[in-house]
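**Q** Okay, here's the structure, questions in a sec.
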Amino acid sequence: MRLMIMLNLMIIAPQMAWAVSADELVQVAPARLEQLLVQRQPVLERLSSIDCDPVTPAVIAFGIAPDVHPAQTYGFGARYIPPSRSFLFNPKFYAALNRWHGDEPEQLASFLIAEEKLRMTIDHELGHALVHDIARRSGQLDWYNGSFMTWASDAQIGLKILSEGLGTYFERLTSDDRNPHGRSIMPSNWQDPNWSSRFDEICYESGYSVVADIVDQYGERGIVYILAHPLLIPDGDLYGAATEYTRIALEVLGTEVR
């Protein structure tokens, strides 16, 4: 079923470092984001052979997620927020995108780079929305109803890896680079200082490596499996735990009677 996204505009006061007027956001962002959300959603559905459920009108908000450290706000692009199916966008990036027009080579290059960044961000967040739909259809809602808060700390970190891995999977459906090479950066001991300094990179790249083969081969069934099976890393060996997770998932899914 085709997801028809209707937009209600809600302005959240941005942090002072990202001051963008409400008038500018109203002029710049809604039509552009609506266009991309509507265009990209059926592309992801077609490539993944997974349909979204019909939803109530989506809400787009502008601001920085409250849990993002001030030093990391530049890297924050957007976030999908269940169960409201809302999308929170960084106001500075999307306001700046509108200004990168012109005939000069530098202006054109900047605009094209920004367009690709925006496409990747939209695909990533739509991927999270699609996974949320699958969770609701299958009844696998532990990621969304707070049950994960009772999990051990390694399983909570595993959830971050699996969730961002799935978002990255949809982000890369139209990418030339779909090779899951993130295992090369998985730490064998997450208490190593390198782990904390590269946390986001490890979650996105390693997560993609964990889920890519599962979803490529089994589509929605693979995502349901991931939703139902936490990634446990009890001894801090992410490489070993992730490799075993993918192996077992493919083995179980390959022997299931449909």
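The values are calculated or read from the model by the stated rules, or taken from the named source; none is laboratory data. Small disclaimer: the values here were computed from a predicted structure and weren't measured. Every residue, glycine as well, gets a Cβ built from its backbone with ideal geometry; the counts of neighbours run over all protein chains shown.
**Q** Just to be sure, is Ile202 among the aliphatic types (A, V, I, L, M), surrounded by 12 or more Cβ atoms within 10 Å (Cβ to Cβ), modelled with pLDDT under 90 and part of a helix (DSSP H, G or I)? Don't jump to the end; show me each part of the working.
**A** On the way: among the aliphatic types (A, V, I, L, M): yes; surrounded by 12 or more Cβ atoms within 10 Å (Cβ to Cβ): yes; modelled with pLDDT under 90: yes; part of a helix (DSSP H, G or I): yes.
Yes.
**Q** Continuing with the same structure: Can you find, within the range 161-184, the residue that is surrounded by the most Cβ atoms within 10 Å (Cβ to Cβ) among those that are part of a helix (DSSP H, G or I) and at pLDDT below 65? Working first, answer last.
**A** Filtering the range 161-184 for residues part of a helix (DSSP H, G or I) gives 161-171, 182-184.
Next, only the ones that are at pLDDT below 65 stay: 182-184.
Details: Gly182: 22, Arg183: 16, Ser184: 9.
The extreme case among them is Gly182.
**Q** Being among the small types (Gly, Ala, Ser) and either buried (at least 18 other Cβ atoms within 10 Å of the Cβ) or part of a helix (DSSP H, G or I) (or both) is the filter here; which residues of the range 30-50 pass it?
**A** Ala31, Ser48
**Q** In addition: Suppose we filter the range 200-241 for residues that are touching a helix residue (DSSP H, G or I) at 6+ places or on another chain (Cβ under 9 Å) and under 23 Å from Ala152 (Cα atoms); how many remain? Before you say what the answer is, go through the steps one by one.
**A** Taking the range 200-241 first, the residues touching a helix residue (DSSP H, G or I) at 6+ places or on another chain (Cβ under 9 Å) are 200-236, 238-239, 241.
Now drop any that are not under 23 Å from Ala152 (Cα atoms), which leaves 200-211, 223-236, 238-239, 241.
Qualifying residue count for the region: 29.
**Q** Is it the case that some residue within the range 87-103 is out of contact with any Leu (no Cβ under 6 Å at 6 or more places or on another chain), modelled with pLDDT of 65 or more and among the acidic types (Asp, Glu)?
**A** No, the conditions are met nowhere in the range 87-103.
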